[in-house]
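K.L.:
Take this structure, written in structure tokens, and hold onto it; I'll ask about it next.
The values are calculated or read from the model by the stated rules, or taken from the named source; none is laboratory data. None of these values were measured; they are calculated from a predicted model. With ideal geometry, Cβ positions are generated from the backbone for all residues, glycine too; neighbour counts draw on all protein chains shown. SASA here: full protein model, heavy atoms, side chains in, ligands and nucleic acids out. Shrake-Rupley method; radii C 1.70, N 1.55, O 1.52, S 1.80 Å.
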Amino acid sequence: MGDFNLALVIVAVVVSVVVLLVSLYLLINYQHPDDANQAYFPKLVVVLGLTVAILSILMLPADVANRQACKRAVYNGACHLTLPMKTLWIVVYIVDAVLVFLVIPFAMFYYEGDQDKYRSRLLSSLPFCSPACLEASLSLNCWMRLKRSVGKRLKTALIWVFASAVVCGLILGILYAIVGKVDFTVRHLSSSVQQFPNSFSGLSSGQPCFSQSPKVCAASTAPANSLTTWTMRASFPEYVVALATIVGSVLFTIFGGVGIACLPLGLIFSFVRRPKAVITRSQYIKEATELGKKAKELKKAAEALHQEERSGNKGRKWRKNVKAVEKELLLLEDDVKALEEMYPQGEKAEATWAFTVLGYIGKLIFGVVGLIISIAWVAHIVIYLLIDPPLSSFLNEVFIKLDGVWGLLGTAAFAFFCFYLLLAVIAGEMMLGLKLVFITIHPMKWGGTLMNSFLFNVGLILLCSISVIQFCATAFAYYAQATAAQEIFGHTLQSLRGIKYLYKYNVFQYGFVALAILTLIYYALFGWRKRKPTGRFQISN
């Protein structure tokens, strides 16, 4: 048992180092060229946030493996050599909450205060476009941000963070003082004191007690009125984790429910809508001219909104128009990329087209695999969580059998299913951001992601990672039984006053499945269609 724990500690250290290196790799390859050799504090926050998010997902499989170290102990408390998983869970999620509600907002405010860090998003994607086309993106990115000195930016960010900390602290303190209690439903069993018998031969299933008096010492024969409520005060760290989980669960239900369907279907229909052949040069010039006109319209819209900002007219319509312009710019970039795919240029044009075709085939393969995983997820939720009693433990049994094949195979599959939910959240946020005006888009692009978009997506991942762990701990309760995660997310969280009813009636699970079905219907009706040009761009007056 000691050797097992030593190996587990070594694996935990190695995995933590690997996760840190992976976070650095993602930062280096996704960052925008404008952020090279600068914006070091936001980059530090991004690396820390990604590391915490990934490790938090991996902690649940580690918790399951940690439990195996004590499987021969008479009771869990008899094993003192395992990792302190409950303490680690609390530390990780307190760090998670601090990053989401304090550090990341501070980094975003500080970063966005410097307009000199921004440049055109289209510099690398519109090589054929006129200077006006480039100026459209340049003005769009710059006019939305006030140029401030370092000191003023720092002061503004600190004021915002301090105000947020005060508000969050007051809300947490008031809620914890009023309803920060846990109500456990227990069965009260008691009996009179009896002399210790010399023989136990008289005990049986029909006679479980020493005495012949009413059998209230056995749960199986206890009356219904023996049920009672045991109330105790929850620890403050656990309460912070619980409230953060509720906030994350709302976002996870919306974005994850949409993303679990649109992630694989988006890849599949991307293959369906792929360019079938290379277009002619005349067609390319015609399409490029139309994109140039659209860019000029965006420039005019950006200048008009810039003028409104200077005049102090920054109401609801102004913010709505800002988001509309941002989304039109993102769609314009997608159109440019699609045009470049249909007309590859240069000495290696044929090779470029071949890689484009292979890329779409890869999307189809990953889309089909993702669709199988999504169907398995939804089926497992319905079979194991929504139907009472469960029809089958389904994926729980799959993971257990995989563990029987090879010790870490089930754990790896378990971790993969959890990570897939995080990918679904990002996909759902991107889809809803394109469809709904009130949601701001923060796209992640290889070699073209600004730090504010990086910070936003890391914050979303961190916030939803808590809910993903809670969701997985519930969905795979049979596989993850007797773990520290089960104690926190399966008992304390689901017994908190005011919160327990959301889990008692499976509100989040029903919402998740409903949104997944609606998204599937949407793709079945409209997903196969190519996006039509929107015509002249207009903003609300």
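K.L.:
How much of the accessible area of the range 279-343, in percent, comes from carbon and sulfur atoms when a 1.4 Å probe is used?
P.N.:
49 percent
K.L.:
In nm, to one decimal, how far is the SER16 label point from the PHE41 one, both placed 7 Å along Cα→Cβ?
P.N.:
Output for this residue pair reads 2.6 nm.
K.L.:
Can you return the aspartates and glutamates within cross-link range of LYS294? Criterion is Cα-Cα under 16 Å, with same-chain partners fewer than 8 residues away left out.
P.N.:
List returned: GLU135, GLU303, GLU326, GLU328, GLU333, ASP334, ASP335.
K.L.:
Report the net charge of residues surrounding GLU328, where surrounding means a beta-carbon distance below 9 angstrom and charges are Lys +1, Arg +1, Asp -1, Glu -1.
P.N.:
Net charge in that neighbourhood comes out at 0.
K.L.:
Can you give the extra length, in nm with one decimal, that the chain gains between ILE279 and GLN481 once fully stretched, where that is 0.36 nm per residue apart less the Cα-Cα distance?
P.N.:
66.9 nm
K.L.:
So how many Å³ per residue does the convex hull of the Cα atoms of the range 279-343 work out to?
P.N.:
In the range 279-343, the Cα hull volume divided by residue count equals 58 Å³.
K.L.:
Compute the distance in nm between two label points, each set 7 Å from the Cα along the Cα-to-Cβ direction, one at ALA349 and one at VAL272.
P.N.:
About 3.1 nm separates the two model spin labels.
K.L.:
Another question about this same structure. Need the full-extension length gain, LEU203 to ILE521, defined as separation in residues times 0.36 nm minus the C-alpha distance. One decimal, nm.
P.N.:
The LEU203-ILE521 span can extend by a further 108.4 nm.
K.L.:
Along the Cα→Cβ direction, 7 angstrom out, place labels at TRP406 and ASP388. What is the inter-label distance in nm?
P.N.:
Taking the simple label geometry, TRP406 and ASP388 are separated by 4.0 nm.
K.L.:
State in Å² the accessible area per residue of the range 279-343; use a 1.4 Å probe, count heavy atoms of protein chains only, and round to the nearest integer.
P.N.:
Accessible area per residue, the range 279-343: 57 Å².
K.L.:
Compare the peptides 327-335, 494-502 by average per-residue count of other Cβ atoms within 10 angstrom and give them in order, highest first.
P.N.:
Sorting 327-335, 494-502 by mean packing, highest first, produces 327-335, 494-502.
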